[in-house]
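Asks: Below are the structure tokens for one structure; questions will follow.
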Amino acid sequence: MPEIQLRNVTIRNCRNLNLNIKNGEYFVVVGETGAGKTTLLNMIAGVEAYTGSVLIDDVNVNPLPPFKRGVGYLFQELALFPHLSVMANIGFGLKAQGYSKKVMAKKISFLLELMQIRHLAERYPHQISGGEKKRVALARSLAPSPKTLLLDEPTSGLDPRTATHLSTELHDILKKMGVTTVHVTHDLKEAEKISDRIAFMVNGSIEKVATPAAFFFDPANTTVAEFIGMPNILECRQTRPLAAGLVEVVSDDLKIILPCNCRRIRKIAIPPDAVDVFDTKPSEPLVNPFEGTVEKIDRHNATVKVQVSIGKNRLTSELPANAFMNMSIAKGTKVYGAIRMNRLHHIE
Amino acid sequence: MKTMTFIKNVWFGNLNLWKIVPVILFFTLWELAARYGPFAGSAVFPPFSEVLLEMVALFKSGVMMKNFASTLGRVLAGLCIGTISGIGVGILMGWQEKVYQSLSPIISLLYPIPALGWLPLLMLWIGINETLPVAIISIGVFFPLCYNTAAGIRSVEKKMIRAAHILGASEKQILFQVILPNAAPQIFTGLKLSSGMSWRMVLAAEMVAIPTGLGALIMKAESLIRVDIIMSSLVVLSLMCLSFEKILGIMERKLIGDWTDNA
């Protein structure tokens, strides 16, 4: 039974949205800036007026104020209370909802431990880092034990390493707690890693909802395909299990190792930015290496797409423009490359 | 280089010489100018030491204490009335958009009128009595406080209010636990402005219309050409202004210093 249902919900540029989010699901909404992702969260939370119906656990929550919907909300700007300590920030919702001091202390202590911020309990928001603030805001939104958590770009503004670490940690914590999560991001790589399903929004409408793998193999239309970067789709003839949850698949002249606990893989999707190309043979050994000939070069603003033929296969690589400029790659030249295995998707 | 570092260390070190020396220099120059300057020996510019002695004599005789107590009472009464009404109306204006829209034009119209501009009107309306200085201080305190409170409340980020709503806070909780604490820095700015202003206004009111208080003492001293008494009264006044500001500063640090730059 779906936990959250949107039925013909309309607000500003978002028109007639219909969506089912399953109980306990980690649901990620991706799309460009202004696509309506935050508006979608605001509708579920009930902080903006809309027409249509929002159902949570089959109950129409339209007449309910935000806090009675059992929804927690992590704002992109976090909106921590600067005049309250970390502990008081986390306890704000509990105090407002009339929890006893004993229960409050227990819950706050649990969340401080869960978010690994016990050492920050007495500090004020201006005394902690951006990543720590995000943890505090998340603890605050989890404190009243919401059934559903809405996350608006929770990793924006963080350095890539912290962002990756935080989003993975977030996913693990929320899955463990069984909280249905709607996570909004513009970062497709982040979405791929953590989502059970991905929804893609364009100009206020939901273009596609699918699992990460299905998203890459069947982009539905060119807008989605362009957003995900037109992945290379390869048919696989053979699958050979290796050790430690890895398999090797053979696709014509390419042998590719990827993480999978499966016996047979039919197709794999390789995002172009997961394909590295070099003009000279790299000295150190690489995973999934290949050699090929450049067939086509397409220059864009910040990137260059290089199409390489490897026997019967063709792979498109997307390189940063400055990296491309530092190499002597032209049509017909021999190039060396590697396929990063952590961003491969497959169909069994 | 070493000498420069030594001077820097002494000047800005633990002794806080950079704060103390200019004050000592000021009073020394005053003393020297009064004793050896063009007005030396004249009653119109007494040395600092004589002003101090006169001040002690005035306190001993009870004259200064009596007048100071009258002035202090008026300042406290005016400050209390102006503060309560200013913050109250400011909260209403900041919290309720319709109240803001209704009162904002009137406040904008009346705020620029100097507090002393109200004096002739108040003299006619309420007469020359104890209420007059209290009323003028209240008016002078009301406007900056009302303006700063409303502006402080309106500047509280909407996202914070939205977060409090989602966390289940009632309107009252949002006002008292989110909005007012966040508007506090601006309310304190209004309070500090008003406290200094209240001493200036009470002095003017007492000089013009009231027969008791520091202002009245100054006017009497002026008619007797007792510059030492005038200066003594001004020193007391200035010390009071400074004390009020310091007390408010301490209150500000205690209440909001932990999470603002005033820590």
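Residues checked against (1) more than 18 Å from B:A115 (Cβ to Cβ); (2) at pLDDT below 95; (3) of a type in the set (D, E, K, R); (4) open to solvent by 80 Å² or more (accessible area, probe 1.4 Å):
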| site | (1), (2), (3), (4) |
| --- | --- |
| B:L58 | yes, yes, no, no |
| B:V63 | yes, yes, no, no |
| B:G73 | yes, no, no, no |
| B:C80 | no, no, no, no |
| B:T83 | no, no, no, no |
| B:G88 | yes, no, no, no |
| B:Q96 | yes, yes, no, yes |
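Asks: If B:Q186 passes every condition in (1) within 14 Å of chain A (Cβ to nearest Cβ); (2) over 25 Å from B:V75 (Cβ atoms); (3) of a type outside the set (F, W, Y) but one, which one does it miss?
Replies: Exception for B:Q186: condition (2).
Asks: Within segment A:29-70, which residues are open to solvent by less than 20 Å² (accessible area, probe 1.4 Å), β-branched (V, I, T) and assigned to a helix (DSSP H, G or I)?
Replies: Within segment A:29-70, A:T39, A:I44 qualify.
Let's see how each residue does on (1) open to solvent by 30 Å² or more (accessible area, probe 1.4 Å); (2) among the basic types (K, R); (3) assigned by TED's automatic domain parsing to the domain that holds A:K331:
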{"residue": "A:Q238", "(1), (2), (3)": "yes, no, yes"}
{"residue": "A:P241", "(1), (2), (3)": "yes, no, yes"}
{"residue": "A:V249", "(1), (2), (3)": "no, no, yes"}
{"residue": "A:D252", "(1), (2), (3)": "yes, no, yes"}
{"residue": "A:K255", "(1), (2), (3)": "yes, yes, yes"}
{"residue": "A:D279", "(1), (2), (3)": "yes, no, yes"}
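Asks: Another question, then. Could you tell me whether any residue of segment A:14-23 is within 13 Å of chain B (Cβ to nearest Cβ) and surrounded by 18 or more Cβ atoms within 10 Å (Cβ to Cβ)?
Replies: No, segment A:14-23 contains no residue that is within 13 Å of chain B (Cβ to nearest Cβ) and surrounded by 18 or more Cβ atoms within 10 Å (Cβ to Cβ).
Asks: What about A:S141, is it within 14 Å of chain B (Cβ to nearest Cβ) and open to solvent by 60 Å² or more (accessible area, probe 1.4 Å)?
Replies: no
Asks: What residue, among those in segment B:164-183 that are at the interface with chain A (Cβ under 9 Å from one of its Cβ atoms) and more than 17 Å from A:G98 (Cα to Cα), is surrounded by the most Cβ atoms within 10 Å (Cβ to Cβ)?
Replies: Taking the candidates together, the pick is B:N182.
Asks: If the requirement is being open to solvent by less than 60 Å² (accessible area, probe 1.4 Å) and of a type in the set (A, V, I, L, M, F, W, C), which of these qualifies: A:A302, A:A323?
Replies: Exactly one residue qualifies, and that residue is A:A323.
Asks: Please go through segment A:81-98 and give me each residue that is in contact (Cβ under 8 Å) with a residue 40 or more places away in the chain, under 16 Å from A:L111 (Cα atoms) and either assigned to a loop (DSSP other than H, G, I, E, B) or facing chain B (nearest Cβ under 7 Å) (or both), ordered by number.
Replies: A:F92, A:G93
Asks: Which residues, taken from segment B:209-239, are surrounded by fewer than 19 Cβ atoms within 10 Å (Cβ to Cβ), within 30 Å of B:W125 (Cα to Cα) and under 19 Å from the mean Cα position of the chain (by Cα)?
Replies: Hit for segment B:209-239 is B:L234, nothing else.
Asks: Name the residue, out of A:L174, A:L234, that is farther than 27 Å from A:F75 by Cα and either hydrophobic (A, V, I, L, M, F, W, C) or in the same structural domain as A:G311 (by TED's automatic domain parsing) (or both).
Replies: Unique residue meeting the criteria: A:L234.
Asks: Look through A:L78, A:L64 and report the one residue that is facing another protein chain (nearest Cβ under 9 Å) and within 20 Å of A:T148 (Cα to Cα).
Replies: Answer to the selection: A:L78.
Asks: Moving on. If you go through segment A:195-228, how many residues are closer than 23 Å to A:R161 by Cα and at pLDDT 90 or above?
Replies: Counting residues in segment A:195-228 that are closer than 23 Å to A:R161 by Cα and at pLDDT 90 or above gives 3.
Asks: Can you find a residue that is open to solvent by 10 Å² or more (accessible area, probe 1.4 Å) and either outside the structural domain of A:Q76 (by TED's automatic domain parsing) or under 30 Å from A:K101 (Cα atoms) (or both) anywhere in segment A:191-199?
Replies: no
Asks: Which one of the conditions (1) in contact (Cβ under 8 Å) with a residue 40 or more places away in the chain; (2) assigned to a loop (DSSP other than H, G, I, E, B) does B:D258 fail to meet, given that it meets all the rest?
Replies: (1)
Asks: Can you pull out every residue in segment B:21-43 that is open to solvent by 80 Å² or more (accessible area, probe 1.4 Å) and either farther than 20 Å from B:R226 by Cβ or not aromatic (F, W, Y) (or both)?
Replies: The answer is B:I24, B:L25, B:F26, B:L29, B:L32, B:R35, B:Y36, B:P38, B:G41.
Asks: Do you know which of the residues in segment A:115-138 that are closer than 19 Å to A:D172 by Cβ and either open to solvent by less than 10 Å² (accessible area, probe 1.4 Å) or touching a strand residue (DSSP E or B) at 6+ places or on another chain (Cβ under 7 Å) (or both) is modelled with the lowest pLDDT?
Replies: Among those residues, the one meeting the criterion is A:M115.
Asks: If B:L214 satisfies every condition in (1) farther than 30 Å from A:Y124 by Cβ; (2) within 12 Å of another protein chain (Cβ to nearest Cβ) but one, which is the exception?
Replies: All conditions pass for B:L214, except number (2).
Asks: Also, I was wondering about something else. Pairs only if they're at least six apart or on different chains, beta carbon under 6 angstrom, first in segment B:209-229 and in contact (Cβ under 8 Å) with a residue 60 or more places away in the chain, second among the hydroxyl-bearing types (S, T, Y); list them, first residue then second.
Replies: Once the first residue is in contact (Cβ under 8 Å) with a residue 60 or more places away in the chain and sits in segment B:209-229, its partners that are among the hydroxyl-bearing types (S, T, Y) give B:T212/B:S70; B:G213/B:S70; B:G213/B:T71; B:L214/B:T71; B:L214/B:S233; B:L217/B:S233.
Asks: Based on what the data block shows, is A:P271 open to solvent by less than 10 Å² (accessible area, probe 1.4 Å), in contact with a helix residue (DSSP H, G or I) (Cβ under 9 Å, 6 or more places away or on another chain), within 21 Å of A:K189 (Cβ to Cβ) and of a type outside the set (S, T, Y)?
Replies: Yes; evaluated as a whole, the condition is true for this residue.
The values are calculated or read from the model by the stated rules, or taken from the named source; none is laboratory data. Since the structure is predicted, the reported quantities are computational estimates derived from the model, not experimental observations. As a convention, Cβ positions derive from the backbone with ideal geometry for all residues, glycine included, and neighbour counts pool all protein chains shown. Accessible surface is based on the protein model in full, side chains and every heavy atom, while ligands, DNA and RNA are left aside. Shrake-Rupley method; radii C 1.70, N 1.55, O 1.52, S 1.80 Å.
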